[in-house]
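Each remark here refers to the structure printed beneath this line.
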Amino acid sequence: MRLNENLAIIGSQVVLVPYEKEHVPRYHEWMKSPFLQEMTGSEPLTIDEEYAMQQSWRTDDDKCTFIVLAKAQPDSSDIFDCSRMIGDVNFYLNNVYNPHEAELEVMIAENSYSGKGVATEVLQLMMHYAVNDVGVTELVVRIKESNAASIHIFEHKFGFTETERSKAFQEVTLRRTVTDALRTDMDQWAKHATRVEYVRAPAK
């Protein structure tokens, strides 16, 4: 999605940045993990396929992604250093009956950042962006039944409710309608965040 190609969102623990070519090699290494493949429902890609996918994320109007960076120290000279990549967050606008429904996905690939509230903050920032910048009115997630931690976050942190369970895909579907109350919560979540122009690394 070109809408976010020049946007970075700086939170308390993370920085969300557009998915660039420089991020692909590390992302490709992450997705060699059978565990991450299972949790995200992904198939392994070649590095060339991964670069093509990165371009698709950039240009397609029906999907949006940010790479998640661990926030740098205040004295850092490069807040966008791709060596601090820890995951990604995205949404799809793939419901032909409701173009304002977004299917969310989040992945924290670096284990050292698990269990620290990072995924929660990433989702707060992404949901705020989806609702306020893209006009999303319905939120949906599809999560592997074995991924109890993610199910817990969406049910207990964000008030999603289970609407479907697929035995074939071993997957749980949870939904949340964007209400005025949720919009108020989102504004509180994003109150600490700042938006800046994303500065790309110089071409080598």
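The values are calculated or read from the model by the stated rules, or taken from the named source; none is laboratory data. Keep in mind the model is a prediction, meaning the values are calculated, not measured. We place every Cβ from the backbone using ideal geometry, glycine too, and count neighbours over all the protein chains shown. Please note that ligands, DNA and RNA were not included when accessible areas were found on the heavy atoms of the full protein model with its side chains. Shrake-Rupley method; radii C 1.70, N 1.55, O 1.52, S 1.80 Å.
Here segment 98-126 is the region considered, the condition is being farther than 17 Å from Leu174 by Cα and hydroxyl-bearing (Ser, Thr, Tyr), and the residue that is modelled with the lowest pLDDT is Ser114.
Within segment 127-134, identify whether any single residue is open to solvent by less than 60 Å² (accessible area, probe 1.4 Å), closer than 28 Å to Tyr198 by Cα, of a type in the set (Gly, Ala, Ser) and modelled with pLDDT of 95 or more, and answer yes or no. Within segment 127-134 (the criterion being open to solvent by less than 60 Å² (accessible area, probe 1.4 Å), closer than 28 Å to Tyr198 by Cα, of a type in the set (Gly, Ala, Ser) and modelled with pLDDT of 95 or more), the answer is yes, since at least one residue qualifies. Test Glu105 against the stated conditions and say whether it is without any contact (Cβ under 8 Å) to a residue 60 or more places away in the chain and either outside any loop (DSSP other than H, G, I, E, B) or not basic (Lys, Arg) (or both). Answer is no for this residue.
Do we find a residue being surrounded by fewer than 12 Cβ atoms within 10 Å (Cβ to Cβ) and in contact with a Pro (Cβ under 7 Å, 6 or more places away or on another chain) anywhere in segment 85-105? For segment 85-105, residues surrounded by fewer than 12 Cβ atoms within 10 Å (Cβ to Cβ) and in contact with a Pro (Cβ under 7 Å, 6 or more places away or on another chain): absent. Residue count for segment 170-202 under the criterion of being among the hydroxyl-bearing types (Ser, Thr, Tyr), touching a strand residue (DSSP E or B) at 6+ places or on another chain (Cβ under 7 Å) and open to solvent by 50 Å² or more (accessible area, probe 1.4 Å): the result is 2.
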